[in-house]
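The next block holds one structure in the form of structure tokens; read it before the comments.
Every number here is computed from the coordinates shown, using simple stated rules; none is lab data. Quick caveat: nothing in here was measured; it's all calculated off a predicted structure. Counting neighbours? That spans all protein chains shown, and the Cβs are built from the backbone with ideal geometry, glycine included.
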Amino acid sequence: MTMTGDSATETLTRAPSGTRRLLAAGAEASFETHVRTFGALPARDSAALLAELEASGLAGRGGAAFPTWRKLAAAAAAGSRRRGQAPIVIANGSEGEPLSWKDQVLLQNAPHLVLDGMLTAARAIGARSLILYSGSESIGAVERAIAERPDARGIEVVEAADSFIAGEASAVVHAIESGDPRPIDRTAHLTDSGLRGRPTLVQNVETLAHLGLIARYGGDWFRSVGSRKEPGTRLVTVTGDVPRSGVFEVATDATLLDVLDVVQLDARRASAALVGGYHGAWIPASSFDVRMTPGELGRFGAQPGAGIIHVIGAQRCGLDATAEIVEYLAGQTARQCGPCMFGLPTMAERFSALAHGEAAVENARELLRLSDLIVGRGGCHHPDGTVRLIRSALDVFHADVDAHARGLCTRSPR
């Protein structure tokens, strides 16, 4: 595993080994250090790159985990069909999720890998317009990196809005186009019709950084670490009741225990971990041996998502922690569909009452009933993600619901 606290810079004469990949050039790597570490970016034709990407098995690291080669192939095909409308590449580094720092760490320490991925993707799909959508905290690092290399001078940098839903792909396009960072209900895929009506490839910055490495070292190298179905490494952000918080690069098949061992946490001191962020699911401490793969996490209704792990200690109340998150999510809506405008605020009120021991059993039943009404009816995935979190909390902390109903919860709310 690679930690952001490791400041040693290694000059690599061959492909990085182990899990020290994305951050192999060290902290705040200059273009000179970047090239000395990874070598020059090779020029590969579209067909060869797409074949290598398909062989690599790289999936998106922004949350959806869609096969990267399929998105590039779709954008390239749409660009071929629509003459005069060259595709657009957007690197999404907005990171509106409060528990995630990985994109910020990547853009501030390895921006050139992200630029490599953007340039490689543009070449593969025939794009002429490239946009890097970044949070304000990383704008300076990105602009300095672009200024260091002539091949990136045409990349436009747009500051992302500071909101939870601003990182959703359609919201990114909408924000760049109109300044309004709200998701929009689209019938056409962005790869067919996105920004300014052109085929648009929106990829998370970590996904593009991996692409920059695959362009150099190939799909077989990428697959040498991780699981067969989802190979490679991923960046994870670990927060909460842990001795050390931070961003770490881990193999995709690492267990939750593996990650928590790196942050020096004794699992016996934990109650549960929220995996996948505010739209994720809780994993009880008794199941921390689960691997961080979609297949194994799926048993708990979770996915790796953007690589978020938030731990609550054994003395923390999981219901109270969830109530705070649901209240936040209810205030982060686009206010353009019924489930967001009315459903989520009602669920937030119900969950808060449950956490405070007010008709706990009745409120738990009502939350499940409302969940069934809301799922699949929103204008974007925000309501569904919130429901996922609520259902997970009611399952994992079911004993606490009973304790709250009897006024016996002895855990601290914070």
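Some observations on this one:
- Among Ala403, Ala73, Ala161, residue whose mean-square fluctuation peaks in a GNM of the chain (springs only between Cα atoms under 10 Å): Ala403
- Rounded to the nearest 0.05, the FRET efficiency derived from the C-beta distance between Val361 and Gln264 at R0 = 41 Å is 0.60.
- Semi-axis lengths, Å, segment 156-261, gyration tensor of Cα atoms, sqrt of 5 times eigenvalues: 31, 21, 12
- Whole-number percent relative contact order across the chain, with pairs defined as alpha carbons under 8 Å at least 6 apart: 16 percent
- Computed over segment 220-367, the P(r) curve from all C-alpha pair distances, binned at 5 Å from the origin, holds 2, 10, 17, 18, 18, 14, 11, 7, 3, 1, 0, 0 percent per bin.
- Of the beta bridges in the chain, as assigned by DSSP with both residues counted there, near 50 percent are antiparallel.
- Within segment 233-313: Cβ-based charge dipole about Cα centre, in debye rounded to nearest 20 (Lys, Arg +1; Asp, Glu -1): 140 debye
- Over the Cα atoms of segment 140-182, the radius of gyration divided by the Kirkwood radius equals 1.09; this is the Rg/Rh ratio.
- The residue among Gly280, Leu265, Tyr328 whose Cα reaches farthest toward the positive pole of the charge dipole of segment 236-343, with charges on the beta-carbon of Lys, Arg, Asp and Glu, is Tyr328.
- Between Glu156 and Leu373, residue separation times 0.36 nm minus the direct Cα-Cα distance comes to 73.9 nm.
- Angstrom value of the Kirkwood radius, inverse mean 1/r, which spans all Cα pairs in the chain: 21.9 Å
- Largest GNM mean-square fluctuation among Ser56, Ser138, Ser129, using the chain with Cα springs under 10 Å: Ser129.
- Full extension of the segment from His189 to Ala147, taken as 0.36 nm per residue of separation minus the current Cα-Cα distance, would add 11.8 nm.
- Radius, Kirkwood style, for segment 233-313 when every pair of distinct Cα atoms is counted (Å): 12.0 Å
- Averaging over all projection directions, the Cα-based convex hull of segment 15-144 occupies 8.7 nm² in the image plane.
- Compactness of segment 31-223, taken as the C-alpha radius of gyration over 2.2 N^0.38 Å, stands at 0.94.
- Applying 0.36 nm per residue to the separation of Asp220 and Leu408 and subtracting their alpha-carbon distance, the gain on full extension is 62.2 nm.
- Qualifying trypsin sites (Lys or Arg not before Pro) in segment 309-381, where qualification requires a DSSP coil assignment and no more than 11 other C-beta atoms within 10 Å, comprise Arg335.
- Normalised alpha carbon radius of gyration of segment 360-414 [divisor 2.2 N^0.38 Å]: 1.29
- Among Arg144, Arg223, Arg198: highest mean-square fluctuation, GNM of the chain, C-alpha pairs under 10 Å: Arg144
- With the cut-off at under 18 Å, measuring from each backbone N in segment 252-272 to a point 7 Å along the Cα-to-Cβ line of Ser245 picks out 260-266, 270-272.
- Tensor-based shape of segment 318-406 (alpha-carbon gyration tensor, a/c under 1.5 rounded, otherwise prolate or oblate): prolate
- In units of the compact-protein estimate 2.2 N^0.38 Å, segment 188-233 shows a Cα radius of gyration of 1.49.
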